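Comments concern the structure below.
Quick note: the coordinates plus some simple rules give every number you see, no bench work behind them. A quick note: this is a predicted structure, and the numbers were derived from the prediction, not measured. Neighbour counts are summed over all protein chains in view; Cβ atoms, including those assigned to glycine, are modelled from backbone coordinates with ideal geometry.
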Amino acid sequence: MGGLFIETPESREEGVQARLHFLVQEGQIRADAVVRHSRSSVGLGLKFTALGEQAGLSWPSC
């Protein structure tokens with residue numbers, strides 16, 4: 001399903017669940033993810049576990 005890296009000074013333990021909200025031109029995108037990698041003062045590697053409708057989002061109409 002994919003994932004992303006978020007640059008942040010905060011750290012989280014591997015396995016912690018996260019809910020992400022992205023605001024893009026087409027509207028808001030929600031995703032559920034789990035922390036796979038955490039580097040203090042660097043960032044977090046997150047793996048998506050649900051995207052879009054699976055995470056509670058209705059995609060905007062084009």
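Give me 22, 48, 5 ranked fewest to most by other Cβ atoms within 10 Å of their Cβ, as a rough exposure proxy.
Going from least to most buried by this count: 22, 5, 48.
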Legend entry - Coordinate range along principal axes, alpha carbons of the stretch 3-55, Å, largest first: 33, 21, 12
